[in-house]
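*Asks:* There's a structure below that I have some questions on.
The values are calculated or read from the model by the stated rules, or taken from the named source; none is laboratory data. Fair warning: this is a prediction, and the values are worked out from it, not measured in the lab. Here the Cβ positions follow ideal geometry from the backbone for every residue, glycine too, while neighbour counts run over all protein chains shown. Surface accessibility is based on the protein's heavy atoms, side chains included, excluding ligands, DNA and RNA. Shrake-Rupley method; radii C 1.70, N 1.55, O 1.52, S 1.80 Å.
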Amino acid sequence: MASSSMAGRQEGRKAGRAATLSHVDARGRVKMVDVGDKPVTNREAVARGTITMSREALRLIRTGAVKKGDPLLTARLARIVAAKQTSSLIPLCHPLPLSSINVELTPRARGYEIEARVRTTSQTGVEMEALTAASIGLLAIYDMVKAVDRGMVLGDVRLEEKSGGKSGAF
């Protein structure tokens with residue numbers, strides 16, 4: 001999957017055009033991008049991440065025996081809240097009217113894969129909302145099970161795809 005994402009990034013760049021940082025002005029100061037003149041379009045982003053854990057932690061989750069409650073339900077709710085609060089957490093993100101936040105948890109041999117799919121109809125994309133949702137979902141699982149396994153590994157958080165806006169699909 002990482003290789004397809006890398007290919008998408010390379011295809012998305014304009015040949016011969018140097019990348020510029022839209023959140024930095026000519027004097028090197030950070031700024032919030034003005035999206036006022038951008039057209040309102042349908043936008044969607046999908047982010048994924050993984051958590052690996054001990055057999056004991058997996059057993060407790062899968063048998064419903066975690067003392068704090070259901071980590072998967074908590075992660076699902078945390079991801080939704082996180083996507084809605086992204087502009088409060090990431091300083092230069094615009095607050096967006098999110099039309100859909102779909103969250104999936106897929107069991108894996110050593111843990112779980114999380115997917116967050118976020119949609120809006122707005123002037124800027126929802127990549128940060130999807131990435132925030134995936135990351136916070138992983139952290140919520142960690143928080144719920146850390147008493148049993150502090151060695152859990154959160155990783156592979158990445159933007160898988162995005163659509164809409166001037167830059168198109170990724």
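*Asks:* Looking only at the stretch 25-48, how many residues end up being within 20 Å of I114 (Cβ to Cβ) and touching a Gly at 6+ places or on another chain (Cβ under 7 Å)?
*Replies:* Step one: filter the stretch 25-48 for residues within 20 Å of I114 (Cβ to Cβ), giving 44-48.
From what's left, touching a Gly at 6+ places or on another chain (Cβ under 7 Å): 44-45.
Count: 2.
*Asks:* Sort out which residues of the stretch 117-144 are more than 22 Å from G69 (Cα to Cα) and under 10 Å from the mean Cα position of the chain (by Cα), and write them in order of number.
*Replies:* Let us first name the residues in the stretch 117-144 that are more than 22 Å from G69 (Cα to Cα), namely 117-132.
Scanning the stretch 117-144 gives R117, V118, V126, E127, M128, E129, A130, L131, T132.
*Asks:* Being modelled with pLDDT of 95 or more and open to solvent by 50 Å² or more (accessible area, probe 1.4 Å): is that true of R59 here?
*Replies:* Working: modelled with pLDDT of 95 or more: yes; open to solvent by 50 Å² or more (accessible area, probe 1.4 Å): yes.
For R59, the condition - modelled with pLDDT of 95 or more and open to solvent by 50 Å² or more (accessible area, probe 1.4 Å) - is met.
*Asks:* Please list, ordered by first then second residue, the pairs with beta carbon atoms under 8 Å, 6 or more apart or interchain, first in the stretch 42-63 and free of Cβ contacts under 8 Å to residues at least 12 places away in the same chain, second surrounded by fewer than 19 Cβ atoms within 10 Å (Cβ to Cβ) and outside any helix (DSSP H, G or I).
*Replies:* The qualifying pairs are R59/A65.
*Asks:* Now for a different question. Restricting attention to the stretch 56-79, which residues are among the polar types (S, T, N, Q) and either part of a helix (DSSP H, G or I) or within 30 Å of T41 (Cα to Cα) (or both)?
*Replies:* Let us first name the residues in the stretch 56-79 that are among the polar types (S, T, N, Q), namely 63, 74.
Hit for the stretch 56-79 is T74, nothing else.
*Asks:* So which strands (runs of 3 or more DSSP E) are wholly in the stretch 80-170 and hold at least 3 residues that are under 28 Å from V33 (Cβ atoms) and of a type in the set (S, T, Y)? Outline the logic, then answer.
*Replies:* Values: elements: 98-108, 111-122, 153-163.
Once the strands (runs of 3 or more DSSP E) in the stretch 80-170 are filtered for at least 3 residues that are under 28 Å from V33 (Cβ atoms) and of a type in the set (S, T, Y), what remains is 111-122.
*Asks:* Looking at (1) open to solvent by less than 50 Å² (accessible area, probe 1.4 Å); (2) closer than 18 Å to V126 by Cβ; (3) out of contact with any Pro (no Cβ under 8 Å at 6 or more places or on another chain), which is the one condition that is false for L105?
*Replies:* For L105, the failing item is (2).
*Asks:* A further question follows. T41: open to solvent by 90 Å² or more (accessible area, probe 1.4 Å), under 24 Å from S122 (Cα atoms), at pLDDT below 95 and hydroxyl-bearing (S, T, Y), yes or no? Steps first, please.
*Replies:* Values: open to solvent by 90 Å² or more (accessible area, probe 1.4 Å): no; under 24 Å from S122 (Cα atoms): yes; at pLDDT below 95: yes; hydroxyl-bearing (S, T, Y): yes.
Answer is no for this residue.
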